[in-house]
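> Quick one: this structure, given as structure tokens, is what I'll be asking you about.
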Amino acid sequence: MFSSTLCLIIFILAYTLFVILPNKRTLTAIIGSLILLLAGVISFKDAFWAINWNVMGIFVGTLIVADVFMESRVPAYIAEIIVDRAKNTAWAILYICALTGFISAFVENVATVLIVAPIALALAKKLKLNPMKMMIAIAVSSNLQGAATLIGDPPSMLLGGFAKMNFGDFFFYHGRPSIFFAVELGAVVSFLVLYFIFRRHKEKTILVHVEKVRSWIPTVLLASLIVLLAMTSFFDTGFSYMAGMLCMVFGIAAILWEKFINKKSIIKGMKKLDWDTTFFLIGIFILVGSITLTGWINKLSDLLSGAIGTNIFAGYTVMVVLSVILSAFIDNVPFLAAMLPVALEVSSKLGINPSLLLFGLLIGASLGGNITPIGASANIVACSLLKKEGITVGFKDFMKIGIPFTIAAVGAAYLFVWFVWAK
């Protein structure tokens, strides 16, 4: 009883601190995990296996490849071409957002924003525009498409690891259209929202090309990784190890490319990677593993099932709306990690296809972060880049774009998942 109570207290305290002290989230997760380990709430063996090492391999490996891809300047070079070929500024901005979304489906969101931001800022300076709306649009576009594929963002990786979904399952799962199509439908509808926001910018845009491609090899690496990840679907059907190993192999190849071809320091390159999120994920896996082992997930699922009753549509709606609202203010990674087992238990008690609630949960958690400037890491990065330009983004400024964008994207994806997976 003591272990169960202590586990709940540490879990609630950790998640509260994630909200109050977002800059200390990794330290909080690691300290919380260590307390549970030292108190004997979870054994070192159980903690080790609570960590999804396949997901960790995917995250770290793609992080390295994405960083080398960004350094090659290929994305920025393509962005310049797109802007020059747009018929006016409005369409240039929309094309940049579309490019952001495409890159984000395969590259981590923060890296995507860093890739595209220089082009957006250059465009704004040339036309003497305030870049605030453009940067916000880039951030929310990145967050939206990050949920489309297995390697797009940590929440997708968490779902893939939990539900044993491989790369191909994000396109078609058990013979039905999957997450990718739900996200793309949301992207189409939200694109109309962005068009409405930027429709008045009719001036023609011509950028002076400043980007030069340093090498196409990182692009080949990334494209090859994507193709091979899709192929692992036929060999590792349980999503147990192959995707993570593959991503790590490509990550090592990218490091060696930087070292021996570009003469870059491996240590400096490794220091630039997002190790904060890496260790944060490890801590979260242990915290959630502890709360599952002590039976609290079952108790929460019983509570939700009792409140929902037999109304499946109400249960699905509650799950999506709850995840959207909470993810607007708290990090979607710990929230999703905690709620995935709950959604599975609720699905079992209601006797429904678990994919309905699991997919709804991913959509809500991934897209809900677009409502506020603190809802997702990409938003924080975009706002910090604007701050360097002397522009401060308030909650109201961000939410003017974030709220209609999120309502449009979530609404379309929510309906798609319901009609495809409700039966």
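> Which residues, counting only those in region 81-106, are part of a helix (DSSP H, G or I) and surrounded by fewer than 19 Cβ atoms within 10 Å (Cβ to Cβ)? Before the answer, list the steps.
So the first thing to find is which residues in region 81-106 are part of a helix (DSSP H, G or I), and the list is 81-85, 89-104.
Result: Ile81, Ile82, Asp84, Arg85, Tyr95, Ala98, Phe102.
> Okay, moving on. Checking Gly40 against (1) loosely packed, with under 15 Cβ neighbours inside 10 Å; (2) on the phi < 0 side of the Ramachandran plot: exactly one of these is not met. Which one?
With respect to (1) loosely packed, with under 15 Cβ neighbours inside 10 Å; (2) on the phi < 0 side of the Ramachandran plot, Gly40 is out only on (2).
> Against the definition (at pLDDT 80 or above, on the phi < 0 side of the Ramachandran plot and either open to solvent by 10 Å² or more (accessible area, probe 1.4 Å) or outside any helix (DSSP H, G or I) (or both)), how does Phe335 come out, yes or no?
no
> Find all pairs meeting these conditions: Cβ atoms under 7 angstrom apart; at least six residues apart or on different chains; first residue within region 135-162 and touching a residue at least 24 places away in the same chain (Cβ under 8 Å); second residue acidic (Asp, Glu) and open to solvent by 10 Å² or more (accessible area, probe 1.4 Å).
Gly146/Asp153; Ala147/Asp153; Ala148/Glu184; Asp153/Glu108
> State all residues of region 72-121 that are within 24 Å of Cys247 (Cα to Cα) and among the aromatic types (Phe, Trp, Tyr); if no residue qualifies, say none.
Scanning region 72-121 gives Phe102, Phe106.
> Let me ask something else about it. Could you identify the single residue in Gly390, Gly360 that is in a helix (DSSP H, G or I) and not aliphatic (A, V, I, L, M)?
None of the others qualify; the one that does is Gly360.
> Scan region 298-316 for residues that are assigned to a helix (DSSP H, G or I) and either in contact with a strand residue (DSSP E or B) (Cβ under 7 Å, 6 or more places away or on another chain) or free of Cβ contacts under 8 Å to residues at least 40 places away in the same chain (or both) and jot them down.
Of the residues in region 298-316, the ones assigned to a helix (DSSP H, G or I) are 298-308, 312-316.
Correct list: Lys299, Leu303, Gly306, Ala307, Ala314.
> Scanning region 378-423 for residues that are open to solvent by less than 20 Å² (accessible area, probe 1.4 Å) and in contact with a Lys or Arg (Cβ under 8 Å, 6 or more places away or on another chain), which turns out nearest to Phe196 (Cα to Cα)?
The residue in question is Ile401.
> Kindly indicate whether any position in region 146-156 is in a helix (DSSP H, G or I), hydrophobic (A, V, I, L, M, F, W, C) and closer than 24 Å to Gly375 by Cα.
No, every residue in region 146-156 fails to be in a helix (DSSP H, G or I), hydrophobic (A, V, I, L, M, F, W, C) and closer than 24 Å to Gly375 by Cα.
> Condition first: open to solvent by 40 Å² or more (accessible area, probe 1.4 Å) and closer than 17 Å to Val116 by Cα. Now tell me which residues in region 43-80 satisfy that.
Correct list: Glu71, Arg73, Tyr77, Ile78.
> For region 1-25, give me the residue count where each residue is within 18 Å of Pro373 (Cα to Cα) and over 24 Å from the mean Cα position of the chain (by Cα).
Qualifying residue count for the region: 0.
The values are calculated or read from the model by the stated rules, or taken from the named source; none is laboratory data. Keep in mind it's a predicted model, so treat the numbers as computed, not measured. So basically every Cβ, Gly included, is an ideal-geometry build from the backbone, and we count neighbours across all protein chains shown. Note: areas computed on protein heavy atoms with side chains; ligands, DNA, RNA excluded. Shrake-Rupley method; radii C 1.70, N 1.55, O 1.52, S 1.80 Å.
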